[in-house]
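**Q** Have a look at this one before I ask anything.
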Amino acid sequence: MQGIETETAVTEARAIPLGTELVPELISDDILNEAEADDAWAAPGWREAALEYHKHRGNRASIAPYAPEELARLRRLMDDSVSLDRAWHELHGRRSGTRASTVEAPVFGLRDGLAALPKNPERLRRLSELNAEQLCAVCDRLQNFQPHIAPAWTPNEVQALVVIWSKRHG
């Protein structure tokens with residue numbers, strides 16, 4: 001095995017041009033002209049886009065519509081007394097108020113597929129207690145099972161589950 005001497009490697013590395021020797025054309029005064037940069041930002045395209053944005057925005061602070069209660073919630077989360085972790089969880093948590101266990105328990109019980117459903121009345125009970133939004137969450141999770149957990153459900157299996165839910169849900 002051939003090796004390279006450290007001293008030779010350092011000498012060769014020092015010979016590589018850096019700074020102005022490496023790319024003089026990129027750092028010349030002709031390229032970095034401040035007047036040209038200012039002109040680019042003041043071009044009609046940018047100005048017209050900004051004027052159109054402000055026109056559509058009206059007297060709102062943002063073009064995106066926010067309900068007053070949502071704005072109050074966001075302002076409350078920006079308070080110094082609110083930790084970043086708490087704000088993140090409130091912004092990215094479940095808004096429906098559904099407890100995680102309400103969706104997780106049926107998903108866990110349905111890993112064995114539809115055939116296991118009638119064998120356990122508790123699974124049927126949990127399924128019948130779901131509302132439509134929760135059922136959609138369960139169906140999404142079932143179709144996205146990772147292979148090391150359980151086989152992902154097919155659309156036909158999910159449709160059969162929805163039929164069972166609708167019969168029991170009444």
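Quick note: the coordinates plus some simple rules give every number you see, no bench work behind them. Since this is a predicted model, take the numbers as computed values, not measurements. A quick note on method: Cβ atoms are made from the backbone with ideal geometry, for glycine too, and the neighbour counts reach across all protein chains shown.
**Q** Might you let me know whether the stretch 140-151 holds any residue that is exposed (fewer than 12 other Cβ atoms within 10 Å of the Cβ) and part of a helix (DSSP H, G or I)?
**A** Looking for residues that are exposed (fewer than 12 other Cβ atoms within 10 Å of the Cβ) and part of a helix (DSSP H, G or I), one finds none in the stretch 140-151, hence no.
**Q** A further question on this structure: Here's a check for you: in the stretch 114-123, which residue that is surrounded by fewer than 18 Cβ atoms within 10 Å (Cβ to Cβ) and in a helix (DSSP H, G or I) is farthest from the chain's Cα centre (by Cα)?
**A** Among those residues, the one meeting the criterion is PRO121.
**Q** May I pose another question? Mind checking whether some residue in the stretch 103-113 is in a loop (DSSP other than H, G, I, E, B) and in contact with a helix residue (DSSP H, G or I) (Cβ under 8 Å, 6 or more places away or on another chain)?
**A** Among the residues of the stretch 103-113, at least one is in a loop (DSSP other than H, G, I, E, B) and in contact with a helix residue (DSSP H, G or I) (Cβ under 8 Å, 6 or more places away or on another chain), which makes the answer yes.
**Q** Return the only residue of ARG126, ARG168 being within 18 Å of THR102 (Cβ to Cβ) and either in contact with a Gly (Cβ under 9 Å, 6 or more places away or on another chain) or not in a helix (DSSP H, G or I) (or both).
**A** ARG126
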